[in-house]
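For reference, the structure discussed in these notes is given below.
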Amino acid sequence: MAEVKALRPQVDAEVAEYDGVLVLREDVKALQSASFSQSSVHLLPYFDVYLLAHRFKEHFLKPRFYKRVYRNQGWISPVVLINGEIAGVWSYKLSRKAVEIDIELFARIGPRTRVQIKDRAKELADMFQAPLAFSFKS
């Protein structure tokens, strides 16, 4: 830890704190003026590295949904990630006819974000070179 603390004065001229993280000073203006018109949506697979090795998970998962993602025997479900937060779980089944993808969200989302989720599912089906059979479950 002492080695890391010693580095901070050496980089202070190049970095600044922005929203609680260190970023390059030259990037602060761009970050402040950026507007994001679309949500960031991802379908993370079983045991994705984003979900591993966190002591505290409240920054990306509401405690009431913990057991839906982090299941018994260390099993970690595939998740729907919206703007860095876990918004639901998903599953797929590969059949001869299609890739069947089921999405189970923890809360309501807007139609635009639903389209983005379906787009991510279509990308997965394309990877398998199979048609998509898609559903949202409540």
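Computed from the coordinates by the stated procedures, all read-outs in this text should not be read as laboratory data. Model, not experiment: these values are computed from the prediction. Ideal geometry is used to build each Cβ from the backbone, glycine not excepted, and the neighbour counts take in all protein chains shown.
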* For segment 62-136: relative contact order, % (alpha-carbon pairs under 8 angstrom, 6 or more apart) -> 25 percent
* Structure fact -> Residues whose modelled amide H sits under 5 Å from the amide H of Y18, counting only those 5 or more places away in sequence or on another chain, are V23
* Structure fact -> If each part is reduced to its alpha-carbon centroid, segment 1-33 and segment 102-137 end up apart, in Å, by 37 Å
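With +1 on the Cβ of every Lys and Arg and -1 on the Cβ of every Asp and Glu, and nothing else charged, how large is the dipole of the chain about its Cα centre, in debye rounded to the nearest 20?
With only Lys, Arg, Asp and Glu charged at Cβ, the dipole is about 860 debye.
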* Structure fact -> Any residue on another chain or 5+ positions along whose placed amide H is under 5 Å from the amide H of A133 is listed here as V99, E100, I101
* Within the set K57/K93; K29/K57; K97/K122, which residue pairs have Cα atoms separated by over 19 Å? -> K57/K93; K29/K57
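Just to check, using Stokes-Einstein with a Kirkwood Rh over alpha carbon pairs, what's the diffusion coefficient of the chain at 10 °C and 1.306 mPa s in µm²/s?
90 µm²/s
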